[in-house]
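**Q** Just passing along the structure, written as structure tokens.
The values are calculated or read from the model by the stated rules, or taken from the named source; none is laboratory data. These numbers come from a predicted model, not from an experiment. Cβ sites come from the backbone with ideal geometry, for glycine too, and all protein chains shown count toward neighbours. The protein model used for the area step is the full one, side chains on, heavy atoms only, and it has no ligands, DNA or RNA in it. Shrake-Rupley method; radii C 1.70, N 1.55, O 1.52, S 1.80 Å.
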Amino acid sequence: VEKRLELVKQVTHSTHKKLAACLQGQQGLDADKRSKKLPLTTLAQCLMEGSAVLGEDSLLGKMLRLCGEAEDKLAQELIHFELQVERDVIEPLFVLAEVEIPNIQKQRKHLAKLVLDMDSSRTRWQQSAKSSSLASNLQPSGAKADALREEMEEAANRVEICRDQLSADMYNFVAKEIDYANYFQTLIEVQAEYHRKSLALLQNVLPQIKAQQEAWMEKPSFGKPLEEHLAVSGREIAFPVEACVTMLLECGMQEEGLFRVAPSASKLKKLKAALDCCVVDVQEYSADPHAIAGALKSYLRELPEPLMTFELYEEWIQASNIPEQEKRLQALWNACEKLPKANYNNIRYLIKFLAKLTEYQDMNKMTPSNVAIVLGPNLLWPQADGNMTELMTTVSLQIVGIIEPLIQHADWFFPGDIEFNVTGNYGSPMHVNHNANYSSMPSPDMEQGERRQHDLARRPLSVATDNMMLEFYKKDGMGVRVMDTSWVARRGTSAVRKASSTPPALHPPMSPADLPAAPHSPIPEQAPDISTTPSTPPTSFGFPPAA
């Protein structure tokens, strides 16, 4: 027990010191004074002051207020927890390490001193007895001998009493070890209760925080899942898709190289930021249709999952590999029907617009094949962790073989008319050629050779891949060469579409002979003369947040 005393004292002293260092409030102060110096209290005050500055009209202001109230409640729970730990654990450990064990050790030292005193008395008495026996063979007698004997007996009695007291203290120490161990059980129980109460506070405030964020309509759409954006905004067509399509219907249908010519990087960045805020000034971008087209491509490309879904990727590719045209169209129609409702509505909207865009191919040089080349990789791509650029180079031809028929036979895949201006904030589309808005555009009276040379000189570097694909298709006679892939079992089921989407059997595709022949070159040698009288452009339009 004596050996364990010193070890227990060392361990208890160290534990008390470290546990006291864990307290965030100053030890020994009452609750009010401790609260003022608590870091959580300071944080709560900062959050509440920030909320007052920003106001309740902003989402940040509401978040700061809710978080400030939660942090203040957590601070109160922390103060209660620390006071309880200090009372039930830290102070008892201090008493054990600095009072109880040292008292036992002092008693042990006192016993050792009494034993020395007893030995000294016995030695004096023995020496006195020896001296007397040398003088005479009689026992020592007299007052001196009696005094020494009494002193020796008294010392022995004190030793016996001290030894009994020390033994009792040591036995008590051994018996109370379960009480000492209970201090640490209390520590864990108090911590568990504190964390349970803190968790309950956080769980109560989290629904309020989420409700405020869900009720806030101004959420970014770029890079967000399609279903999430539609659910938050209460729309059927993604806002960037509708905004860009409607603006292009107003000002970009006859623009040469739409979706192929790269826009100004700063204009594109500004337009994307404006679309994320759900407010766009149409007049500002009416002179730059390429920025609008670039924003639409960026939105489709930045979706976490392509509009035509990862799940149906293999089925799309397999359908494009079917050699017979009617069976290929039928397989593509079946894949369309398996799209989720949100994806189906948006791909239908987009394909209908692209089909309308190709009606102006004589002026904008964007045939169904050209549109499929530059826009197809933004609508469908494989789910892979490798180098996406190399992977897309391999599958681009197959994707073009999927998108081009959808555009060519848009009314067969998606029967019925469509209202592009879903929000009702736009008038009738007016088709204006904005070539005159660019100082770098060639003059209409240029010779054909000069015009081509000028066009090559102003070709942006960022569209090199698109132009390379166009040249490839031009040399290939507009034919789509696809690679065979192993058939992968179809996954998922499709919901029943609305009644107007009748099976192909009721709307048979045209025979290959009746299909319109594709031109030999995606870019005609010379655009026909355009003579249009555009109406007065609108002053400004603003896309409001979703209804």
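**Q** Could you give the spread of the C-alpha atoms of the range 45-171 along their three principal axes, from largest to smallest, in whole angstroms?
**A** 115, 23, 16
**Q** When ranked by the protection proxy of mean other Cβ atoms within 10 Å per residue, highest first, what sequence do the peptides 98-111, 366-379, 295-308, 267-280 form? Walk me through the numbers before you get to the answer.
**A** On the way: 98-111: 15.0, 366-379: 25.1, 295-308: 20.0, 267-280: 18.3.
My ranking of the peptides, most packed first, is 366-379, 295-308, 267-280, 98-111.
**Q** Something else about it: Under 25 Å Cα to Cα from Lys73, which lysines show up? Leave out anything in the same chain fewer than 8 places away.
**A** Those lysines meeting the cut-off are Lys33, Lys36, Lys37, Lys62, Lys197, Lys210.
**Q** Provide the descending list of Cα extents for the range 299-354 along its principal axes, expressed in whole angstroms.
**A** If we take the Cα atoms of the range 299-354, the spans are 34, 22, 18 Å.
**Q** Please give every one of the lysines within straight-line cross-link reach of Lys176, meaning a C-alpha to C-alpha distance under 27 Å, and leave out same-chain neighbours fewer than 8 residues apart.
**A** Lys3, Lys9, Lys17, Lys18, Lys106, Lys109
**Q** State in Å² the accessible area per residue of the range 221-307; use a 1.4 Å probe, count heavy atoms of protein chains only, and round to the nearest integer. Provide the component values of the computation, followed by the final result.
**A** Values: 2670 Å² over 87 residues.
Heavy-atom SASA per residue in the range 221-307 reads 31 Å².
**Q** Next question. Please list, short to long, the whole-number percent of alpha-carbon pairs of the range 226-413 in consecutive 5 angstrom bins beginning at zero.
**A** Taking every Cα pair in the range 226-413, the percentages come to 1, 8, 16, 21, 20, 17, 11, 4, 1, 0.
**Q** If amide hydrogens are placed 1.01 Å from N in the peptide plane, which non-local residues have theirs closer than 5 Å to the one on Ala262?
**A** Val463
**Q** Next question. Obtain the nm distance between the two label points defined at Lys144 and Asp164 by a simple spin-label model: each point lies 7 Å from its Cα along the Cα-to-C-beta direction.
**A** Here the answer is 3.5 nm between the modelled labels.
**Q** Also: Of Phe239, Asn334, Met308, which is farthest along the charge dipole of the range 226-413 in the positive direction, counting Lys and Arg as +1 and Asp and Glu as -1 at C-beta?
**A** Phe239
**Q** Among Lys224/Lys297; Lys269/Lys352; Lys219/Lys341, which pairs are too far apart, with a Cα-Cα distance over 24 Å?
**A** Working: Lys224/Lys297 15 Å; Lys269/Lys352 27 Å; Lys219/Lys341 22 Å.
From the list (Lys224/Lys297; Lys269/Lys352; Lys219/Lys341), the Cα-Cα distance tops 24 Å for Lys269/Lys352.
**Q** Same structure again: Heavy atoms only, probe 1.4 angstrom, no DNA, RNA or ligands counted: give me Asp417, Asp164 ranked by accessible area, highest first. Can you show the working numbers first?
**A** Numbers: Asp417 150, Asp164 85 Å².
The residues order as Asp417, Asp164, largest area first.
**Q** Rounding to the nearest 20 debye, state how big the charge dipole of the range 188-335 is about its Cα centre with +1 on each Lys and Arg Cβ and -1 on each Asp and Glu Cβ.
**A** Values: 15 positive and 22 negative charges, 84 e Å.
Computed charge dipole of the range 188-335: roughly 400 debye.
**Q** I want to check the label-to-label distance for Ser198 and Asp179. Put each point 7 Å from Cα in the C-beta direction and report it in nm to one decimal.
**A** Once both label points are built, they end up 3.1 nm from each other.
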